[in-house]
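*Asks:* Here it is: the structure, laid out below.
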Amino acid sequence: QVQLVESGGGLVQAGGSLRLSCAASGRTFSSYAVAWFRQAPGKEREFVAIIPWTAYYADSVKGRFIISRDNAKNTVYLQMNSLKPEDTAVYYCAAGPVSGDYTQRDRYNYWGQGTQVTVSS
């Protein structure tokens, strides 16, 4: 069993930065892929980034966001730079032995409760 807890969300002006953290419990965490998704009001939850052994990003955040992991701390980070109002959403981390299309939510076994990110214009 893996439990995920996100933190680091908040209110920031456009062009600013935030770093989200996803702290995990569970011995198998280091063997799982970990991803970030986000859900804006009235929209579907969408893939943002994933880090199994290397990082992949949605086109909308490529070049601005950086995902990283520290297995010794059981933590995955999402550094978000050059934030835009359209990045406003609840951000979730997810983990699992992902195979196939990693952008699909049903590939992940474990989810955190989410952290709100609001970017003002």
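*Asks:* So if a site counts as exposed when it's one of the trypsin sites (Lys or Arg not before Pro), its DSSP state isn't H, G, I, E or B, and it has at most 14 other Cβ atoms within 10 Å, what's the longest stretch of the chain without one?
*Replies:* Working: sites that count: ARG27, LYS43, LYS62.
Counting at most 14 other Cβ atoms within 10 Å as exposed, the longest clean stretch of the chain is 63-121.
*Asks:* Hey, another quick one. Note down the relative contact order for region 11-121 as a percent, whole number, built from C-alpha pairs under 8 angstrom at least six residues apart. Mind showing how you got there, number by number?
*Replies:* On the way: 229 pairs, mean separation 38.7, N = 111.
Result for region 11-121 is 35 percent.
*Asks:* So what are the chain's ellipsoid semi-axes, whole angstrom, largest first, if each one is the square root of 5 times an eigenvalue of the alpha-carbon gyration tensor? It would help to have the intermediate numbers written out before the result.
*Replies:* Working: eigenvalues 100, 42, 34 Å².
Calculated on Cα positions only, the semi-axes equal 22, 14, 13 Å.
*Asks:* Looking at region 15-60, which chymotrypsin sites (Phe, Trp or Tyr not before Pro) are in a loop (DSSP not H, G, I, E or B) and have at most 14 other Cβ atoms within 10 Å? Spell out each step's value before the answer.
*Replies:* Working: sites: PHE29, TYR32, TRP36, PHE37, PHE47, TRP53, TYR56, TYR57; in loops: TYR32, TRP53.
Those satisfying the criteria are TRP53.
*Asks:* Length gain on complete extension for the stretch SER25 to SER60, per 0.36 nm per residue less the alpha carbon to alpha carbon distance? It would help to have the intermediate numbers written out before the result.
*Replies:* Values: separation 35, 0.36 × 35 = 12.60 nm, distance 2.98 nm.
Gain in length upon complete extension: 9.6 nm.
*Asks:* Round to the nearest 0.05 the FRET efficiency obtained for SER82 and GLU46 when R0 = 22 Å and r is the Cβ-Cβ distance.
*Replies:* Efficiency, from the Cβ-Cβ distance: 0.75.
*Asks:* Sequence-distant or interchain residues sharing an amide H contact under 5 Å with PHE65, placed H: which?
*Replies:* Under 5 Å from the amide H of PHE65 lie the amide H atoms of ASN81, each far enough along the sequence or on another chain.
Values in this text are rule-based calculations from the coordinates and carry no lab data. Values in this document were obtained by computation on a predicted structure and should not be read as measured data. Note that we place each Cβ from the backbone using ideal geometry, even for glycine, and neighbour counts take in every protein chain shown.
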